[in-house]
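Take a look at the structure set out below.
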Amino acid sequence: MSQEQPRRPQAEDQDPIKYGDVFNVSGDLAQKPVAPQDAAMMQSAETRVFGQTQPGGVAASMQSAARLNEQAGLVGHRDVNDITGDRGVTVMETQVAGTRIVTESVGGQVVGQYVQPISNQPAQAGAGAGAAGDDAVKLTIGEALEATAHTVGDKPVEQSDAAAIQAAEMRATGRNEITPGGLAAMAQSAAAYNSGCAREEDKIKMSDIMSGATARLAADKPATRQDAEGVVGAEMRNNPNVMTTPGGVAASVAAAARLNEKSANQ
């Protein structure tokens with residue numbers, strides 16, 4: 001998954017490349033310079049999971065930004081920013097319904113996600129040429145929603161999340177109204193509660209809503225490109241200042257739809 005290419009610090013201002021210049025992050029992390037030891041930690045984490053650094057991925061982007069910062073004399077070779085030093089970097093792998101989801105985080109914020117199908121077992125002898133594609137397991141909207149409990153489980157529920165969950169639930173169930181006591185109703189209540197909650201630790205998190213999401217839906221269906229477009233639109237309309245949340249509801253439904261489409265074409 002390609003990341004935005006970091007820009008070289010300009011000589012006249014000598015501002016370092018910050019995390020907010022490279023990734024869709026917020027808060028204090030967005031203002032922190034990408035440091036060489038931050039990049040080294042992510043490279044090590046990626047290597048443990050993938051076996052190597054991903055070309056054009058998170059670690060590669062961090063290495064490029066850190067190298068430019070170091071060449072400009074804005075950070076030292078052994079520097080690590082305090083957020084990364086305190087909370088670290090993580091590369092977490094989750095398997096959901098035959099799909100491998102790898103989520104990369106810096107300081108607790110998601111900066112990248114890879115979604116890959118797990119290799120299917122060899123086809124049985126005598127199967128027709130089109131059997132693998134025809135019988136491939138399709139990822140459902142409910143399974144995509146449930147995956148967010150792992151990818152962004154610690155994120156407080158916001159209005160954009162609730163809107164995306166509502167759009168996803170309606171598409172999964174085929175109903176044009178919120179199901180009482182369903183996922184969308186719970187998400188809307190959580191977002192309303194969080195908006196008036198002062199302490200971050202007291203806010204309702206995505207994992208509180210999305211764990212077991214499939215069982216909480218009145219009906220479910222395989223995710224399609226049209227479903228993904230509807231969910232992405234709902235999330236972005238309710239958070240116009242940023243793109244969709246990496247690893248969030250819209251991103252997960254879109255990833256499921258892409259895998260289903262790829263599977264159908266094989």
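Report, ordered by the first and then the second residue, all pairs with beta carbons closer than 7 Å, sequence separation of six or more or different chains, a first member in the stretch 32-46 that is within 11 Å of residue 58 (Cα to Cα), and a second member that is open to solvent by 40 Å² or more (accessible area, probe 1.4 Å) and part of a helix (DSSP H, G or I).
Once the first residue is within 11 Å of residue 58 (Cα to Cα) and sits in the stretch 32-46, its partners that are open to solvent by 40 Å² or more (accessible area, probe 1.4 Å) and part of a helix (DSSP H, G or I) give 39/63; 43/63.
Return yes or no: is residue 73 farther than 30 Å from residue 156 by Cβ and at pLDDT 90 or above?
Here the answer is yes, as residue 73 does meet what is asked.
One line per residue, one yes/no per condition, for (1) buried (at least 22 other Cβ atoms within 10 Å of the Cβ); (2) under 28 Å from residue 35 (Cβ atoms); (3) at pLDDT below 80:
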{"residue": "87", "(1), (2), (3)": "no, yes, no"}
{"residue": "107", "(1), (2), (3)": "yes, yes, no"}
{"residue": "119", "(1), (2), (3)": "no, no, yes"}
{"residue": "164", "(1), (2), (3)": "yes, no, no"}
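Exactly one condition in (1) modelled with pLDDT of 85 or more; (2) farther than 25 Å from residue 196 by Cβ; (3) of a type outside the set (Gly, Ala, Ser); (4) over 14 Å from the mean Cα position of the chain (by Cα) is not met by residue 138; state its number.
That leaves (1) as the condition not met.
Tell me which residues, restricted to the stretch 179-192, are in a helix (DSSP H, G or I) and either over 25 Å from residue 138 (Cα atoms) or open to solvent by 10 Å² or more (accessible area, probe 1.4 Å) (or both).
Correct list: 185, 186, 187, 188, 189, 190, 191, 192.
Of the conditions (1) open to solvent by 70 Å² or more (accessible area, probe 1.4 Å); (2) modelled with pLDDT under 80; (3) under 20 Å from the mean Cα position of the chain (by Cα); (4) not charged (D, E, K, R), residue 99 satisfies every one except a single condition; which number is it?
(1)
Could you say which residue among 214, 224, 173 is under 24 Å from residue 260 (Cβ atoms), in contact with a Gly (Cβ under 6 Å, 6 or more places away or on another chain) and among the β-branched types (Val, Ile, Thr)?
Answer to the check: 214.
Which residue out of 53, 84 is without any contact (Cβ under 8 Å) to a residue 40 or more places away in the chain and among the β-branched types (Val, Ile, Thr)?
Testing whether each residue is without any contact (Cβ under 8 Å) to a residue 40 or more places away in the chain and among the β-branched types (Val, Ile, Thr) leaves just 53.
One residue is enough: does the stretch 30-38 have a residue meeting the conditions modelled with pLDDT under 90, within 14 Å of residue 88 (Cα to Cα) and either open to solvent by less than 40 Å² (accessible area, probe 1.4 Å) or of a type outside the set (Asp, Glu) (or both)?
No: zero hits.
So that you can scan it fast, the table gives a plain yes or no per residue for (1) surrounded by fewer than 21 Cβ atoms within 10 Å (Cβ to Cβ); (2) among the basic types (Lys, Arg); (3) free of Cβ contacts under 8 Å to residues at least 12 places away in the same chain:
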site	(1), (2), (3)
177	yes, no, yes
194	yes, no, no
203	yes, yes, no
210	no, no, no
240	yes, no, yes
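When residues of the stretch 212-237 are filtered for being crowded, with 17+ Cβ neighbours inside 10 Å, more than 17 Å from residue 140 (Cα to Cα) and small (Gly, Ala, Ser), how many remain?
The qualifying residues number 1.
The values are calculated or read from the model by the stated rules, or taken from the named source; none is laboratory data. Keep in mind that this is a model prediction, so the values were computed, not measured. Backbone-built Cβ (ideal geometry, glycine too); neighbour counts: all protein chains shown. Note: areas computed on protein heavy atoms with side chains; ligands, DNA, RNA excluded. Shrake-Rupley method; radii C 1.70, N 1.55, O 1.52, S 1.80 Å.
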